[in-house]
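First comes the structure, then the notes that go with it.
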Amino acid sequence: MIIIGEKLNSSIKAVKEAIENSDSKFIEKMAQDQASAGANFIDVNAGMFLEDEPKKIKWLVKTVENATDIPLSIDSPNSSAIEAGLKASKNKGIIINSITYEKKRYDEVISLVDEYKTGVVALCMDDNGMPETVDDRLKIADKLIESLTKKGISLCDIYIDPMVRPIGTGPQYAMVAIETIRNIKKNYKDVHIACGLSNISFGIPARKTVNQAFLVGAMFAGMDGAILDPLDEKLMSFIYATEALTGVDEYCINYIMKFKEGQII
């Protein structure tokens with residue numbers, strides 16, 4: 001499972017305050033904690049700062065990279081901020097989060113993916129907005145994958161976000177996401193998934209329980225990556241258990257190792 005740690009997002013009050021105050025110790029500890037908990041990438045987002053975003057994300061990238069060698073996911077809809085983060089980074093293996101099939105956004109971001117040779121999170125969304133049905137999402141995914149590979153981006157550097165929407169706004173949204181994941185992995189076995197896991201529970205109580213339940217269903221459908229909270233020990237335990245149940249973790253070797261390390265609760 002490819003785990004993209006979500007905890008350094010400026011929409012989180014404590015993180016926003018730390019960025020505002022240039023509190024490098026707070027940011028460094030959060031990065032290290034996520035890395036220690038099993039994150040493969042650290043997502044960095046300074047989107048709450050609007051006009052000051054490029055400057056803030058540059059500081060954030062440098063601060064995180066001082067604390068850990070885990071590669072980053074530079075998260076912004078603003079191509080100028082993404083470029084500032086890329087220029088500030090000294091590490092390889094970065095993911096840009098994200099691109100869509102909206103013409104303006106696609107054209108702005110694809111040049112950065114190409115220039116800096118990054119991976120990319122690609123959202124199933126186009127100029128018509130966020131699609132409602134599985135079929136419409138798959139059509140956009142097909143277009144994104146075709147366009148990205150024509151630019152020389154390998155399938156294994158593409159992370160499709162199926163656009164997880166809150167079940168509190170539509171009871172069908174969990175199954176729409178799961179069926180989108182199932183079909184993408186069926187058609188493109190080397191393409192990864194990078195869904196925003198906690199979107200599924202937005203606006204309803206006991207969100208962690210819903211996130212955990214959705215995680216298991218999505219992994220059985222083929223989800224191999226997610227933007228999530230690696231500090232949620234129970235959620236991480238479900239990941240290890242589900243990898244064993246789906247045969248990804250042959251003979252439960254990783255599950256047993258994590259249990260011995262005290263990481264299964």
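The values are calculated or read from the model by the stated rules, or taken from the named source; none is laboratory data. Keep in mind that this is a model prediction, so the values were computed, not measured. Every residue, glycine among them, receives a Cβ derived from its backbone with ideal geometry; neighbour counts consider all protein chains shown. Only protein heavy atoms, including side chains, enter the accessible area calculation; ligands, DNA and RNA are left aside. Shrake-Rupley method; radii C 1.70, N 1.55, O 1.52, S 1.80 Å.
Based on alpha-carbon positions alone, could you give the equivalent ellipsoid semi-axes of the chain from the gyration tensor, as √(5λ), descending, whole Å? Walk me through the numbers before you get to the answer.
Values: eigenvalues 132, 117, 64 Å².
Taking √(5λ) for each eigenvalue gives 26, 24, 18 Å, largest first.
Counting only residues at least eight positions apart within a chain, or on another chain, the aspartates and glutamates with an alpha carbon under 19 Å from that of residue 150 are 102, 107, 108, 114, 115, 126, 142, 190. Cross-link pairs exceeding 31 Å in C-alpha to C-alpha distance, out of 13/143; 117/139; 25/208; 90/151; 16/260, comprise 13/143; 16/260. Please label the shape of the stretch 108-177 as rounded, prolate or oblate, based on the square roots a ≥ b ≥ c of the eigenvalues of the alpha-carbon gyration tensor (a/c under 1.5 means rounded; beyond that, a/b larger than b/c means prolate, else oblate). The shape class here is prolate. With both labels modelled 7 Å from their Cα along Cα-to-Cβ, the residue 186 to residue 220 distance reads 1.6 nm.
Which value, in Å², gives the accessible area per residue of the chain when a 1.4 Å probe is used on the protein heavy atoms? Write down the numbers at each step before the final one.
Working: 12470 Å² over 265 residues.
With the other protein chains kept in place, the chain gives 47 Å² per residue.
For the chain, what's the relative contact order in percent, using C-alpha pairs closer than 8 Å and at least 6 residues apart? Show your work: numbers first, answer last.
Working: 475 pairs, mean separation 40.8, N = 265.
With pairs under 8 Å counted, the relative contact order is 15 percent.
Does the stretch 75-118 classify as rounded, prolate or oblate by the C-alpha gyration tensor (a ≥ b ≥ c root eigenvalues; a/c under 1.5 gives rounded; else a/b over b/c gives prolate, otherwise oblate)?
On the way: a/c = 2.07, a/b = 1.70, b/c = 1.22.
Taking the square roots of the gyration eigenvalues as a ≥ b ≥ c, the stretch 75-118 is prolate.
Exposed loop positions in the chain were taken to be trypsin sites (Lys or Arg not before Pro) whose DSSP state is not H, G, I, E or B and which have at most 15 other beta-carbon atoms within 10 angstrom. Between these positions, the longest stretch is 1-89.
Within the set of other residues whose C-beta is less than 11 Å from the C-beta of residue 192, count the net charge using Lys and Arg as +1 and Asp and Glu as -1. Here the count lands on -2. Using a/c under 1.5 as the rounded threshold, could you call the stretch 1-108 rounded, prolate or oblate? The axes a ≥ b ≥ c are square roots of the C-alpha gyration tensor eigenvalues, and prolate needs a/b larger than b/c, oblate otherwise. In terms of gyration-tensor shape, oblate. Accessible surface ranking for 98, 24, 1.4 angstrom probe, highest first: 24, 98.
Ignoring ligands, DNA and RNA, what percent of the 1.4 Å accessible area of the chain is carbon and sulfur? C and S atoms contribute 53 percent here.
Give me the distance between the Cα centres of the stretch 125-167 and the stretch 2-44, rounded to whole Å. When both Cα centres are located, 27 Å separates them.
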